[in-house]
Amino acid sequence: MSDEQTGAPTSGNLQFERAERATEATGADCAVCKQPITTSYYEINGHVTCQRCRSRIIAERDRGTSGTRFATALGLGLLAAAAGAGIYYAVAAATGSEYAIVAIVVGLLVGSAVRKGSNRRGGWRYQALAMSLTYSAIVVTYIPQIIKAVTERRASVINEGVRGVAPTPAPTADSVRAAPKRIGVGGVLLGLGALFLLAAALPILAGIGNIIGLFIIGIALYEAWRLNKAIPLRITGPYQVSAPPAAPA
């Protein structure tokens, strides 16, 4: 008899994360493939499983390497985060309000994508990844508002300055040569990074005035964390199928 600890499997629709009370199998069906078990069987968190399905579950769980699984989880998580950000921004722009249900959808989308990419293994690495991508998907929607506010503020300052300043003389050859050069790719990336950091800090900087917004974000982060929680999977067996009771004489 063996006793193994593994991560959550990816085969079938059975929720192995929830353990059930083990029962003696007498002509039972496999919980995954639903085929009758006539010889020996295993139990996965109390669910009766045939040899073939057990082997397939373990093979799928061990597919790839730790690096490739994390890369896949990151890629799928980024796609889900982009989709979630689009949904979140569209709803906020159309209604002028942030709705908890939309944040929950973002957390579910990203959490499910990361979980799929990790072969349902879960653990702190995937929880941190899912939560980071979920938070990023939400706060990145603040960037257009920040750009709009900065642009309006800059235009206001320029207009006020124009009223109290004499006309600017025509540029000379020296002033043209001394004019600043165009911003390169590095400068653009740096600016985008600064915008993202500002957007990421806004919910916290708002403090008590944004308590509802922080609560909404907390719900989304919890969903992403919950979906990638590591659930120990207990596999025991093999067990022999009991003979059916004899018919009464």
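Bear in mind these aren't lab numbers, they're just calculated from the coordinates by the rules spelled out. All figures in this text were calculated on a predicted structure; none of them were measured in a lab. Note that each Cβ is placed from the backbone with ideal geometry, even for glycine, and that neighbours are counted across all protein chains shown.
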**Asked** Ordered by residue, what ³J(HN,Hα) values in Hz, to whole numbers, does the stretch 81-96 give under the Karplus form 6.51 cos²θ - 1.76 cosθ + 1.60, where θ = phi - 60° and Gly and Pro are x?
**Response** 5, 4, 5, x, 4, x, 5, 4, 5, 4, 5, 5, 5, 6, 9, x
**Item:** Protection-proxy order for peptides 199-205, 229-235, 80-86, 130-136, each taking the mean of Cβ atoms within 10 Å per residue, highest first
**Value:** 130-136, 80-86, 229-235, 199-205
**Prompt:** Of the listed peptides 33-46, 61-74, what is their order by residue-averaged count of other C-beta atoms within 10 Å, with the highest listed first?
**Reply:** 33-46, 61-74
